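> What follows is a single structure, and I will ask about it in a moment.
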Amino acid sequence: LLKYDKEITSFHDVIREEDITFPPSYPYIEDSNQPKQYMNTRCPAWCDRILMSHTAHDLINRRDDDDAQSVVYNTIGPNVCMGDHKPVFLSFLLKTNNH
């Protein structure tokens, strides 16, 4: 479904996001026995997003050659029922100039 995800393409000169490598975050059925099952009423989509400026993206992806990749963009609770959305998170290490 990612090939149909075009909502932010008009704004690529101003904002961007990390690559999406997780399943659509919406709409899940609210059944604790089926935490990965989508509703049949709407097409699954990535409704929960973390968008940032290009400067912010460059800053969080700045690393030294010996550093491991420190950016993680994913959903919370992929195997847990949390309602119709799976919240997303962005985790990264941020280095200062002094450390």
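> Can you name the residue in segment 41-90 that is part of a loop (DSSP other than H, G, I, E, B), acidic (Asp, Glu) and open to solvent by 70 Å² or more (accessible area, probe 1.4 Å) and is also modelled with the highest pLDDT among such residues?
Step by step, filter segment 41-90, then rank; the result is ASP64.
> Moving on to the next point. Filter segment 2-36 down to the residues that are of a type in the set (S, T, N, Q), surrounded by fewer than 12 Cβ atoms within 10 Å (Cβ to Cβ) and assigned to a loop (DSSP other than H, G, I, E, B) and list them by number.
THR21, SER32, ASN33, GLN34
The values are calculated or read from the model by the stated rules, or taken from the named source; none is laboratory data. The structure displayed is predicted, hence computed values, not measured ones. Quick reminder, even Gly has a Cβ in these numbers, built from the backbone with ideal geometry, and neighbours come from all protein chains shown. The protein model used for the area step is the full one, side chains on, heavy atoms only, and it has no ligands, DNA or RNA in it. Shrake-Rupley method; radii C 1.70, N 1.55, O 1.52, S 1.80 Å.
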